[in-house]
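Below is one structure, written out as structure tokens; comments come after it.
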Amino acid sequence: MIVRPSRALAPIVLLITAAASASAQILTPLQKYEGNVENQGTVLLDLDYGGAGTYDFLNVYIGSQDTTLTGYGGQPDPIRFDTYCIDLLTAINHDPHPVELLPTDVFPLGRPGVNHGGSIAWLYNRYAGSAVADNRQAAALQIALWEAQYDWDGSAFVGGTNGSIDLKNGYFQYGGVVGGSAVDTDLIARANTMLTDWSGRQDQATWFRDPAGSQPLIGPPVRGNNIPEPNVAVLSLLGLAGMAVFRQRFLAGR
């Protein structure tokens, strides 16, 4: 026997559709200090971690992204905050694009067995606030995040120790500003201060993942507020719909 949903289910189906639509979250990151020379740098990166010893030489933007998140929790107004790069080899998408919000402790990049996600979360949470209006502090934080992600082995830094970080050696190396022969020692000193203060501690922030594959970004732990999770709302409504269908089938079988 086929049991057709009653008209009473129509509002529930509409609510489910609305909740699913509200769960769409759009991220728009824009380079915040694009015109400043210290935000244009060179780095070396070895993602073979010493295996083949092949380094990628990269000219990169070093700093924060002035970012808005639209549609979080069905809110009409966007949330605004700074984000930072956590994958040097993937291009960033500055156009509005859908994202998934995931905890940083499941971020996959980095050597097996090392919680790089928790490390970069601690650094972000500790220093992103003080770097909001400070171009050089933002650039230093970005360097520190890359160093913690690529050169931290869980107890010390490659090319240095916990209290003595060498940004000129290891799998990640900071090479200074583009077009200049001198390394920006002030940025290195600021980044080293952050890393020494961090000392391997872990925390939680948000990994903004683009399903289309653009650069993942780290941002504040926005899931920790009082806004109900869209997925929770959807699951709740699906539960109500399931109960209604069960009731219809039960009554039809009587």
Quiz item: Restricting the first residue to region 205-232 and requiring it to be buried (at least 16 other Cβ atoms within 10 Å of the Cβ), which pairs with a second residue that is at pLDDT below 95 and among the acidic types (Asp, Glu) meet a Cβ separation below 7 Å and a spacing of at least six or different chains?
Solution: Gln215/Asp87; Pro216/Asp87
Quiz item: In region 78-104, how many are farther than 16 Å from Ile120 by Cα and among the aromatic types (Phe, Trp, Tyr)?
Solution: 1
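Can you pull out every residue in region 108-139 that is touching a Gly at 6+ places or on another chain (Cβ under 6 Å) and modelled with pLDDT of 90 or more? Give the steps one after another, and end with the answer.
Taking region 108-139 and keeping what is touching a Gly at 6+ places or on another chain (Cβ under 6 Å), we get 114, 116, 138-139.
Selection gives Ala138, Ala139.
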Quiz prompt | Any chance Gln142 is out of contact with any strand residue (DSSP E or B) (no Cβ under 9 Å at 6 or more places or on another chain), within 18 Å of Asn192 (Cα to Cα) and at pLDDT 90 or above | solution = no
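Report, by residue number, each residue of region 136-155 that is in contact with a helix residue (DSSP H, G or I) (Cβ under 7 Å, 6 or more places away or on another chain) and part of a helix (DSSP H, G or I). Step through it out loud before you land on a result.
Applying the first criterion (in contact with a helix residue (DSSP H, G or I) (Cβ under 7 Å, 6 or more places away or on another chain)) to region 136-155 yields 136-137, 139-141, 143-145, 147-149, 152.
Across region 136-155, the qualifying residues are Arg136, Gln137, Ala139, Ala140, Leu141, Ile143, Ala144, Leu145, Glu147, Ala148, Gln149.
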Quiz prompt | Top-ranked residue in region 60-80 [being open to solvent by 20 Å² or more (accessible area, probe 1.4 Å) and assigned to a strand (DSSP E or B); ranked as nearest to Ala133 (Cα to Cα)] | solution = Asp66
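The values are calculated or read from the model by the stated rules, or taken from the named source; none is laboratory data. Everything numeric in this text was worked out from a predicted model, so none of it was measured. All Cβ positions, even for glycine, are placed from backbone atoms using ideal geometry, and neighbour counts span all protein chains on display. For the accessible areas, the whole protein counts, side chains as well, though only heavy atoms, and no ligand, DNA or RNA atoms are used. Shrake-Rupley method; radii C 1.70, N 1.55, O 1.52, S 1.80 Å.
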